[in-house]
Number of protein chains: 2
Amino acid sequence: MPSTPSSTAPETNARTHVRLTMAWKIAAILALTLIIYFIPAPEGVDPRGMHMAGIFAGTILGLILQPLPTAAVALIGLAAAMITGTMDTKTEALQGFGNSTIWLIVAAFFIADGFLLTGLGRRIALLFVSLLGKSSLGLSYGMALTDLVLSPATPSNTARAGGVVYPIVKSLATVNDSHPSSDESRKRLGAYLSLSGVQVNTITSAMFVTAMAGNPLAVGFAADAGVEISWGTWALAAIVPGLVSLIVMPWFMSKIYRPGLTKTPDAPAHARAELKEIGPMNRGEWTMLATFVLLLILWVLGSSIGVDATAAAFVGVAILLVSKVLTWKDMAANGGAWSTLIFFSVLVGMATHLNTLGVIGWIGDEVAGLVGGMPWIAAFAVLSFVYFYVHYLFASNTAQIVAMYSVFLGAAIATGAPPLFAALALGFIGNLIGGLSHYASGPAGVIYGSGYVTTPEWFRVGFFASVVNILIWSLVGGGWMYVLGMWG
Amino acid sequence: MPSTPSSTAPETNARTHVRLTMAWKIAAILALTLIIYFIPAPEGVDPRGMHMAGIFAGTILGLILQPLPTAAVALIGLAAAMITGTMDTKTEALQGFGNSTIWLIVAAFFIADGFLLTGLGRRIALLFVSLLGKSSLGLSYGMALTDLVLSPATPSNTARAGGVVYPIVKSLATVNDSHPSSDESRKRLGAYLSLSGVQVNTITSAMFVTAMAGNPLAVGFAADAGVEISWGTWALAAIVPGLVSLIVMPWFMSKIYRPGLTKTPDAPAHARAELKEIGPMNRGEWTMLATFVLLLILWVLGSSIGVDATAAAFVGVAILLVSKVLTWKDMAANGGAWSTLIFFSVLVGMATHLNTLGVIGWIGDEVAGLVGGMPWIAAFAVLSFVYFYVHYLFASNTAQIVAMYSVFLGAAIATGAPPLFAALALGFIGNLIGGLSHYASGPAGVIYGSGYVTTPEWFRVGFFASVVNILIWSLVGGGWMYVLGMWG
């Protein structure tokens, strides 16, 4: 059997290749870490500062190269910080795990699970399809509304895109005979709905603090820089540019990435049939809906009635547990929530520590020096532009926010930008970047994986969409924040 | 078909019964919480103190009655503390999650998982059986040695008993035709090995800070009371009474709970055959072994070389992740670790807060007042006795440690007991109580569930074993600590 050796050879080669790549990845991470680790600390930076900067940079590079999953990389970085004494184990290394912002995110992961488990998320999507689904564009708006309704209580934008919206997109495409198998078939409907869904997801993520896991972190970093942003302030500033983008984007996508099928006359009837099949709302769905409405009320009124956003989220989890909509077993099996807890707590602890040691301030001053002398609007435009497109280097919105938000905000404030305006604008950008590439964010990864969209298409359409977003959010958004008096 | 209604009737009754019981449980928890919540705070206690005491007592009662699983009860208690403002969400409620002691426990859960996943734990057990297994007593000693070897790196005594030791006990019993089915059969071998295994487990748990999840908490509470206990100090104080108990207990159990089968001449050959079948140690097992030895060295030398126990544990996790002995997927699926994280962080946060608010000091003074006037040895004997047998009310060692350790230690110190001696003695008792009843601890629950031991047998044998433990640990242990100079 002469074919045996030749048939296994490529496999062996592939495995060697993976190992080599892995070795290269680890070598790159170690090299970056060690180089920065041994740079002498500049004036005003604690001697441990460059050690922390080295481990932090190595961890971020690890998140980009992914030799191991996110949470594993974070834990290894933490162990390095502990054993080298860069972070004191008792007082510094684990501070992120007691951060109330992170627990807001984790609690909201559990709450969002309730939308999936009870089927309420699916019901909402079907409802919008039955109302708006007569055309491809209508279907896309139906998905956008579903995403918008769920977004304030679903900080896992990946869960929202991958768990609720995408399954409906997939079934709509399948029913209309659009499959990833051939160009003609995938472009019929599935490709348009997929890519449009990703862009919509980045917009809804930008609209609420609790709509994307990185947003509360941005709020926390802003507070470290002396800028207080409440849940209500963020939502108010984002509502006008957000709604404008949500109206424009599906239409714009239908022009530059036109689906083969424009009319879908049967979709509403299909959705109604499915709604009929799942029957009336059950007790779990009603409980989920009531909890969701209560949370929205508490989050909106929060600062005026003195209820902390995290406390509200824990009350939501408690209600779902007592009513058995959610069980501890579901929670324990929610790997995404635990990964998020580990990853965020470690990185936020490191970033906070970097700040305390004076490293963030020093880098911020250096960056501000580069754009110094310009009027603040010009300086801020340059900073925003760089902050937006540097995301081609990142595989997660949150990784970029943790690595760069504080530095860019510090530089913007140093050049004279109004602090609240700058903090919110950079906060919004941290979401809108999520559709730039097929690896730009969790939702992008999920939807790319479905196979409806090719890589070149993604880069092209993602770039055009980013231009539209930048125009809307700077002109409409900037104008709206000016009206709100946030420029002063 | 007249049988249908009558066959469903008992089921309906059973469900109604469960609901009623559930309603009674919740009513009892709410009543206890509210009564304490509204008691006016005594002199020296912060006004929020009784609110915290009410929510804490309700949470502990919830852990005893278990209307929901442990972690769910803890989360609901935390939500109550947050929303009532009893614990500030940003500064107080989540402090437990950043506690380095808790992360020592969580990290050790992950490390212990490596013993199971690599099969190293099973190999060790088979090795001891092949050496000592010619009689029932020898098998019991083989299991005791396995448990002892694993205990320093396995703070989940339940995982140690249920995951490594018990499966071997079960297969030994089955091979020797001992099954839970009939009295004669179960008493042949399985019942003796099971109950002996539980008692051995409580002893090994008492020997190392890292051998039972509640021990690091006791160490933390002792530190709050001004008593520093290192990993080495605990191990040194426990080694002599621990080894004496480990030698005595299997023999004592063979006298009061005699197995029908005393000779097992084939067991060593069976173990050797199984060892042969699993082959030589693989790379995963070697990595696990090396990591384990490194951890032991770091834990033993810790305080003298300046390596924190938690930092060492994280390095262990990092090694297992890099070498792919453990994957993040294994870790995310380790429900026991996440439950432990939630449960401990919440309860330790509450207990710490109770201490800060002056409640623990006040109760300790009240208890000390009851035994005041006695010589400290007599007072301590009374306190220890109560601390030991109050465990008939608890379903978890850790729940009792969290609820009562600080109070009893405070009372003991107030009556003049040497602080280090009292802290260690109460620490040891927190483990030895785990075999008192079939619900006394995780290992007890696992092994009771196997069906080899009846409830009356358990109570009778558990009580006799507790008397033997008390005698050994107070006479031999007390004498040894006197020799070590810990009475001063």
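The values are calculated or read from the model by the stated rules, or taken from the named source; none is laboratory data. Note that the coordinates shown come from a computational prediction; the quantities given were computed from them, not determined experimentally. Neighbour counts run over all protein chains shown; Cβ positions are idealised from the backbone, glycine included. For accessibility, only protein heavy atoms count, side chains too; no ligands or nucleic acids. Shrake-Rupley method; radii C 1.70, N 1.55, O 1.52, S 1.80 Å.
Pick out the one residue from B:Ala271, B:Ala225 that is at pLDDT below 95 and within 28 Å of B:Gly133 (Cα to Cα).
Exactly one of B:Ala271, B:Ala225 is at pLDDT below 95 and within 28 Å of B:Gly133 (Cα to Cα), namely B:Ala271.
Kindly establish whether A:Gly114 is within 8 Å of chain B (Cβ to nearest Cβ) and among the small types (Gly, Ala, Ser).
For A:Gly114, the condition - within 8 Å of chain B (Cβ to nearest Cβ) and among the small types (Gly, Ala, Ser) - is not met.
Would you check if A:Val407 is of a type in the set (Val, Ile, Thr) and either out of contact with any Gly (no Cβ under 8 Å at 6 or more places or on another chain) or not in a helix (DSSP H, G or I) (or both)? Please lay out each step first, then the result.
On the way: of a type in the set (Val, Ile, Thr): yes; either out of contact with any Gly (no Cβ under 8 Å at 6 or more places or on another chain) or not in a helix (DSSP H, G or I) (or both): no.
Here the answer is no, as A:Val407 does not meet what is asked.
Going by the structure shown, is A:Met350 touching a residue at least 40 places away in the same chain (Cβ under 8 Å) and more than 25 Å from A:Ile64 (Cβ to Cβ)?
Answer is no for this residue.
How do the pairs read when you match residues in region A:179-190 that are without any contact (Cβ under 8 Å) to a residue 12 or more places away in the chain with residues anywhere that are charged (D, E, K, R) and open to solvent by 60 Å² or more (accessible area, probe 1.4 Å), using Cβ under 8 Å and keeping only pairs 6 or more apart or on different chains?
That search, which allows pairs on different chains as well, returns A:Ser185/A:Asp177.
Check region A:28-46 and report whether any residue there is in contact (Cβ under 8 Å) with a residue 60 or more places away in the chain, under 30 Å from A:Val325 (Cβ atoms) and either over 25 Å from the mean Cα position of the chain (by Cα) or in a helix (DSSP H, G or I) (or both).
Looking through region A:28-46, none of the residues is in contact (Cβ under 8 Å) with a residue 60 or more places away in the chain, under 30 Å from A:Val325 (Cβ atoms) and either over 25 Å from the mean Cα position of the chain (by Cα) or in a helix (DSSP H, G or I) (or both).
So that you can scan it fast, the table gives a plain yes or no per residue for (1) assigned to a helix (DSSP H, G or I); (2) under 23 Å from the mean Cα position of the chain (by Cα); (3) away from chain A (no Cβ under 14 Å); (4) farther than 29 Å from B:Phe109 by Cα:
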{"residue": "B:Val227", "(1), (2), (3), (4)": "no, yes, yes, no"}
{"residue": "B:Ala235", "(1), (2), (3), (4)": "yes, yes, yes, no"}
{"residue": "B:Ala238", "(1), (2), (3), (4)": "yes, yes, yes, no"}
{"residue": "B:Phe252", "(1), (2), (3), (4)": "yes, yes, yes, yes"}
{"residue": "B:Pro265", "(1), (2), (3), (4)": "no, no, yes, yes"}
{"residue": "B:Pro280", "(1), (2), (3), (4)": "no, no, yes, no"}
{"residue": "B:Gly284", "(1), (2), (3), (4)": "yes, no, yes, no"}
{"residue": "B:Leu294", "(1), (2), (3), (4)": "yes, no, no, no"}
{"residue": "B:Val307", "(1), (2), (3), (4)": "no, no, no, no"}
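Kindly evaluate B:Val293 against the criterion of being touching a residue at least 24 places away in the same chain (Cβ under 8 Å) and outside the structural domain of B:Thr33 (by TED's automatic domain parsing). Steps first, answer last, please.
On the way: touching a residue at least 24 places away in the same chain (Cβ under 8 Å): no; outside the structural domain of B:Thr33 (by TED's automatic domain parsing): yes.
Considered against the rule, which asks whether it is touching a residue at least 24 places away in the same chain (Cβ under 8 Å) and outside the structural domain of B:Thr33 (by TED's automatic domain parsing), B:Val293 comes out as no.
Please count how many residues of region B:74-96 are over 26 Å from the mean Cα position of the chain (by Cα) and open to solvent by 30 Å² or more (accessible area, probe 1.4 Å).
Of the residues in that region, 8 qualify.
Have a look at A:Thr70, A:Thr86 and point out the one that is more than 9 Å from chain B (Cβ to nearest Cβ), within 30 Å of B:Ala93 (Cβ to Cβ) and touching a helix residue (DSSP H, G or I) at 6+ places or on another chain (Cβ under 8 Å).
A:Thr86
Output the residues belonging to region A:296-305 that are more than 12 Å from chain B (Cβ to nearest Cβ) and farther than 11 Å from A:Ala153 by Cα.
A:Ile297, A:Val300, A:Leu301, A:Ser303, A:Ser304, listed by residue number.
Do we find that B:Tyr392 is modelled with pLDDT of 85 or more, open to solvent by 20 Å² or more (accessible area, probe 1.4 Å) and either closer than 28 Å to B:Met486 by Cβ or assigned to a helix (DSSP H, G or I) (or both) in this structure?
Taking the combined requirement at face value, the residue satisfies it.
Among the residues of region B:97-109 satisfying the criterion of being open to solvent by 10 Å² or more (accessible area, probe 1.4 Å) and within 16 Å of B:Leu296 (Cα to Cα), which is nearest to the other protein chains (Cβ to nearest Cβ)?
B:Leu104
So which residues in region A:452-467 are among the aliphatic types (A, V, I, L, M) and open to solvent by 50 Å² or more (accessible area, probe 1.4 Å), if there are any at all?
Scanning region A:452-467 gives a single hit, A:Val467.
Does B:Thr202 meet the test of being open to solvent by 20 Å² or more (accessible area, probe 1.4 Å), under 22 Å from B:Met253 (Cα atoms) and in a helix (DSSP H, G or I)?
In short, no.
May I ask you to list the residues in region A:117-155 that are small (Gly, Ala, Ser) and closer than 20 Å to A:Thr287 by Cα?
Of the residues in region A:117-155, the ones small (Gly, Ala, Ser) are A:119, A:121, A:125, A:130, A:133, A:135-136, A:138, A:140, A:142, A:144, A:151, A:153.
Passing the criteria: A:Gly119, A:Gly121, A:Ala125, A:Ser151, A:Ala153.
Provide a single number: the residues in region A:322-342 that are within 10 Å of chain B (Cβ to nearest Cβ), under 19 Å from the mean Cα position of the chain (by Cα) and not in a loop (DSSP other than H, G, I, E, B).
7
Suppose we filter region A:389-439 for residues that are more than 19 Å from A:Ala465 (Cβ to Cβ), within 15 Å of the chain's Cα centre (by Cα) and among the hydroxyl-bearing types (Ser, Thr, Tyr); how many remain?
Final tally of qualifying residues: 2.
In region A:270-277, is there at least one residue being surrounded by 15 or more Cβ atoms within 10 Å (Cβ to Cβ) and among the basic types (Lys, Arg)?
yes
Condition check: crowded, with 22+ Cβ neighbours inside 10 Å, under 19 Å from the mean Cα position of the chain (by Cα), assigned by TED's automatic domain parsing to the domain that holds B:Gly226 and not charged (D, E, K, R). Does B:Gly449 satisfy that?
Answer is no for this residue.
Whether any residue in region A:214-221 is modelled with pLDDT of 90 or more, open to solvent by 10 Å² or more (accessible area, probe 1.4 Å), under 21 Å from A:Leu471 (Cβ atoms) and of a type in the set (Gly, Ala, Ser) is what I want to check.
Scanning region A:214-221, I find no residue that is modelled with pLDDT of 90 or more, open to solvent by 10 Å² or more (accessible area, probe 1.4 Å), under 21 Å from A:Leu471 (Cβ atoms) and of a type in the set (Gly, Ala, Ser), so the answer is no.
Tally time: how many residues in region B:430-454 are outside any loop (DSSP other than H, G, I, E, B) and among the aromatic types (Phe, Trp, Tyr)?
Step one: of region B:430-454, the residues outside any loop (DSSP other than H, G, I, E, B) are B:430-435, B:442-449.
Now drop any that are not among the aromatic types (Phe, Trp, Tyr), which leaves B:448.
Qualifying residue count, region B:430-454: 1.
Give region A:346-359 a look and list any residue that's crowded, with 24+ Cβ neighbours inside 10 Å and within 12 Å of chain B (Cβ to nearest Cβ), or say none.
Residues satisfying the conditions are A:Val346, A:Gly349.
With the checklist (1) in contact (Cβ under 8 Å) with a residue 24 or more places away in the chain; (2) over 25 Å from A:Gly430 (Cα atoms) in hand, flag the one item A:Val307 doesn't pass.
So the condition that A:Val307 fails would be (1).
Please specify each residue of region A:118-156 satisfying the condition of being surrounded by fewer than 22 Cβ atoms within 10 Å (Cβ to Cβ) and more than 21 Å from A:Ala271 (Cβ to Cβ).
A:Pro152
Select from region A:158-167 the residues that are out of contact with any Lys or Arg (no Cβ under 7 Å at 6 or more places or on another chain) and open to solvent by less than 20 Å² (accessible area, probe 1.4 Å) and list them in ascending order.
Scanning region A:158-167 gives A:Arg160, A:Ala161, A:Val165.
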